[in-house]
Amino acid sequence: MSTSMNDSMVTVLDALDARPDATALRELGYRRLVPGEGETVVDVGCGAGRAVAELGRLGVRAVGIDPDPDMLALARERWPDGEFRAGEAYDLPLADGEVAGYRADKVFHELADPAAALAEARRVLAPGGRIVLVGQDWDAVVVDSADPATTRALVHATADRIRNPRAARSHRGALLDAGFADVRAEVHTLLFTDPMALALMRQLAGASPSGVEPDALARWLADQERRAATDRLFLAVPFFLASARKPD
C-alpha cells in the first residue's frame, strides 16, 4: 500500500475511532477479552496502534501486529511505549500459547482465508484464552435515500470491491467451526448523520456500478447533498462483535 493511500486511510480511521460510539465499541471489546493485569494480548492488524495504547493503559501487555511497514512506523511514532511487530494474520510472530487474548478489529474482511487466521489464533492463544473479532458488514449498510434502487446498487458495488465483505456476519460460525467455546455474537450499529456521513456517501457514489446511469448517480448524490444541508443525512453501519474462549 502506498504512503498516500495509507494517509487517506488513517485520516478516515482516526475520524471513525474518535467517535463516542466507536470508542464505546472498542471498550466493549476490551471487556470481552477480560485479560488480567500484566497478561499479553495480541492486536492483529493493529494499524496506527490506538488499541495497543488503550490496552496498555488498562495494565495489559499489548502486542500490535501489522503487515504494513508504513502503518507500523506510524504506530511506533504515535505510541513510542507500545510494542509493535511485523507479521501476517496467518503467521503471527508469537510462540504457541503465548497470549491470553487475541483481537482483530476491522480486519477479517481483508482476509482471503479467515479459517486459516483462526487456526493461527488458536495456536498463539493459551488454553482458556479469549478472542474478540469486530467488523462491519459491507453488504448491510443502510442509507436513507429517495432512490432505494440506486442505493442498493451502490452498497452492493462497494461490497463487491472488498475481498470478504460479509466476513463479520460469519464470525460466530467461523469461531464455532474453529473449535472455540462460549461463542457469543452481538451487533452494534454506528449511525452517521453528520458531515462524515456525506463523505461516506461520496465514497459509495464512487463505486459507479454498472447498470446505474450517470444521471441517476448524479441525482442520488445531489439528494444526499441536499440532505446534508438540512441535517437529514442517515447512514447506519452494523458492526458485529463476536467473542469466544479457547477450550482448556
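A few points about this structure:
- Filter result (touching a helix residue (DSSP H, G or I) at 6+ places or on another chain (Cβ under 6 Å) and of a type in the set (D, E, K, R)) within the stretch 54-102: Asp66, Asp70, Asp96, Glu98
- Selection count where residues are among the small types (Gly, Ala, Ser) and either assigned to a loop (DSSP other than H, G, I, E, B) or out of contact with any Pro (no Cβ under 6 Å at 6 or more places or on another chain) (or both), scope the stretch 138-166: 4
- Some residue of the stretch 187-197 being closer than 22 Å to Val12 by Cα, in contact with a Leu (Cβ under 7 Å, 6 or more places away or on another chain) and surrounded by 18 or more Cβ atoms within 10 Å (Cβ to Cβ): yes
- Unique match (being under 23 Å from Gln136 (Cβ atoms), out of contact with any His (no Cβ under 8 Å at 6 or more places or on another chain), among the basic types (Lys, Arg) and part of a strand (DSSP E or B)) among Arg202, Arg184, Arg227, Arg169: Arg184
- Selection of the stretch 47-66 for residues being crowded, with 17+ Cβ neighbours inside 10 Å, assigned to a loop (DSSP other than H, G, I, E, B) and either within 18 Å of the chain's Cα centre (by Cα) or among the small types (Gly, Ala, Ser) (or both) yields Gly47, Ala48, Gly49.
- From Leu74, Leu28, residue being under 24 Å from Arg184 (Cβ atoms) and among the aliphatic types (A, V, I, L, M): Leu28
- Pairs, first on the phi < 0 side of the Ramachandran plot and part of a helix (DSSP H, G or I) in the stretch 26-46, second among the charged types (D, E, K, R) and open to solvent by 30 Å² or more (accessible area, probe 1.4 Å), C-beta under 6 Å, six or more apart: Leu33/Arg130
- Where a residue in the stretch 118-130 is open to solvent by 10 Å² or more (accessible area, probe 1.4 Å) and its partner, wherever it lies, is in a helix (DSSP H, G or I), with Cβ under 9 Å and at least six apart: Arg130/Arg32; Arg130/Leu33
- Residue satisfying condition, being among the small types (Gly, Ala, Ser), touching a residue at least 24 places away in the same chain (Cβ under 8 Å) and open to solvent by 20 Å² or more (accessible area, probe 1.4 Å), within set Gly173, Gly211: Gly211
- Positions within the stretch 104-117 being in contact with a strand residue (DSSP E or B) (Cβ under 6 Å, 6 or more places away or on another chain) and either surrounded by fewer than 20 Cβ atoms within 10 Å (Cβ to Cβ) or among the aromatic types (Phe, Trp, Tyr) (or both), in sequence order: Lys106, Phe108, His109
- Residue match in the stretch 143-161 (condition: in contact with an Asp or Glu (Cβ under 6 Å, 6 or more places away or on another chain) and buried (at least 21 other Cβ atoms within 10 Å of the Cβ)): no
- Taking (1) assigned to a strand (DSSP E or B); (2) farther than 29 Å from Phe108 by Cα in turn, Pro238 satisfies each apart from (2).
- Filtered residue count, the stretch 140-193, keeping only those that are within 18 Å of the chain's Cα centre (by Cα) and among the β-branched types (Val, Ile, Thr): 7
The values are calculated or read from the model by the stated rules, or taken from the named source; none is laboratory data. None of the values given here were measured: they were computed from a predicted structure. All Cβ positions, glycine included, derive from the backbone under ideal geometry; neighbour counts span all protein chains shown. All accessible areas refer to the heavy atoms of the entire protein, side chains included, with ligands and DNA or RNA removed. Shrake-Rupley method; radii C 1.70, N 1.55, O 1.52, S 1.80 Å.
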